[in-house]
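The values are calculated or read from the model by the stated rules, or taken from the named source; none is laboratory data. Being a predicted model, the structure only gives us computed values, none of them experimental. Every residue, glycine among them, receives a Cβ derived from its backbone with ideal geometry; neighbour counts consider all protein chains shown.
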Amino acid sequence: MQMMFKFIDDSGLVGYLIALMGVVSLALLIERVRALYFEYAIKTDEFMKQVKSLVMNDQIEEAITFCTANEKAPLAHVVKGVLERSDRDDEAINQGLDIALAEVIPNLGKRLGYLSMMANVATLLGLLGTIQGLIMSFNAVSFADPSQKQVVLAQGIALAMNTTFLGLVVAIPVMIVYSVLHSRQNKLLEECAEHSAKVVDWLTTRHYQPFSNQEAFPKDLQEAEMGKLIKMAPPPPSHKAS
């Protein structure tokens, strides 16, 4: 830890800026990990099983209440938005799905873009420090007092190496965690789209009754068909008296 502080101090202003990028990135990483892996987490299979049971039993209000209790989870929020339009036609139900998805997408990607930016800025600051150190080194070779030339040259090279090191130390882990969080965000969004579409299907088909024989062939048509069959049937064989 002391060595890291020495690196930062030896790197001057650029080193402190890179350290600031690292602190801000760490805060963002902690907040996003907490949200995507804890606040937004839900036991999807159990949740959907309970919702399906309530919907198929026409307990829509109970299903909405159940979703409200878990509304921090994006899936529950989207399903609730669909269920709240369950008393409307199919087009309105699908519109409710689109609106609910549009509401959760910004929250899933919230502040993730800043992480990518922080990693890039840290890398560029490291490059800036490298250029600054090289300039110091060239100036030492060209203009420094011969007695101080070696010291100034060493300071310039140290500044170049230290800032490059600090920039990479911040950028590499931030980019790795950003990729993991971005994958998690996409997974949650896919779950929302997949399972909410199932809820729409349940709502639009829950009153569907398969055709019975009577519904497909009303009684009068059945009687007409039976009459035709009787006429077409061959007469029974006659028995002659012996």
task = Find the residue count for region 7-31, including only residues that are under 30 Å from Thr130 (Cβ atoms) and of a type in the set (D, E, K, R).
result = 2
ask   = Going by the structure shown, is Thr68 of a type in the set (Val, Ile, Thr), surrounded by 15 or more Cβ atoms within 10 Å (Cβ to Cβ) and at negative phi?
value = no
query = In this structure, does Val23 turn out to be over 21 Å from Cys192 (Cβ atoms), surrounded by 19 or more Cβ atoms within 10 Å (Cβ to Cβ) and over 22 Å from the mean Cα position of the chain (by Cα)?
reply = no
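Does Leu101 fit the bill of being of a type outside the set (Lys, Arg), over 22 Å from Leu28 (Cβ atoms) and surrounded by 14 or more Cβ atoms within 10 Å (Cβ to Cβ)?
Working: of a type outside the set (Lys, Arg): yes; over 22 Å from Leu28 (Cβ atoms): yes; surrounded by 14 or more Cβ atoms within 10 Å (Cβ to Cβ): yes.
So Leu101 passes the test.
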ask   = If we scan region 46-63, do we find a residue that is small (Gly, Ala, Ser) and buried (at least 16 other Cβ atoms within 10 Å of the Cβ)?
value = yes
ask   = Among all residue pairs at least 6 apart or on different chains, which show Cβ distances below 9 Å where the first residue, located in region 34-52, is more than 15 Å from Lys187 (Cα to Cα) and free of Cβ contacts under 8 Å to residues at least 24 places away in the same chain and the second is in a helix (DSSP H, G or I) and not aromatic (Phe, Trp, Tyr)?
value = Gln50/Ala63
inquiry  = What's the number of the only condition in (1) at pLDDT below 80; (2) of a type in the set (Phe, Trp, Tyr); (3) assigned to a helix (DSSP H, G or I) that Phe211 fails to meet?
reply    = (3)
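Considering Met175, Met117, which residue is free of Cβ contacts under 8 Å to residues at least 24 places away in the same chain and either crowded, with 18+ Cβ neighbours inside 10 Å or hydrophobic (A, V, I, L, M, F, W, C) (or both)? Lay out the reasoning, then the answer.
Details: Met175 fails: free of Cβ contacts under 8 Å to residues at least 24 places away in the same chain.
After applying the criteria, what remains is Met117.
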message = Take Gly15 and tell me if it is modelled with pLDDT under 90, assigned to a helix (DSSP H, G or I), touching a helix residue (DSSP H, G or I) at 6+ places or on another chain (Cβ under 9 Å) and among the small types (Gly, Ala, Ser).
response = yes
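Criterion first (among the acidic types (Asp, Glu), farther than 23 Å from Arg34 by Cα and free of Cβ contacts under 8 Å to residues at least 12 places away in the same chain) does Glu61 satisfy it?
Values: among the acidic types (Asp, Glu): yes; farther than 23 Å from Arg34 by Cα: yes; free of Cβ contacts under 8 Å to residues at least 12 places away in the same chain: yes.
Criteria met by Glu61.
Results for (1) at pLDDT 90 or above; (2) of a type in the set (Ser, Thr, Tyr); (3) assigned to a helix (DSSP H, G or I), shown as yes or no for each residue.
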site: Leu36; (1), (2), (3): yes, no, yes
site: Gln50; (1), (2), (3): yes, no, yes
site: Val78; (1), (2), (3): yes, no, yes
site: Arg88; (1), (2), (3): no, no, no
site: Lys110; (1), (2), (3): no, no, no
site: Tyr114; (1), (2), (3): yes, yes, yes
inquiry  = Can you tell me which of (1) loosely packed, with under 13 Cβ neighbours inside 10 Å; (2) more than 29 Å from the chain's Cα centre (by Cα) is the one Ile30 doesn't meet?
reply    = (2)
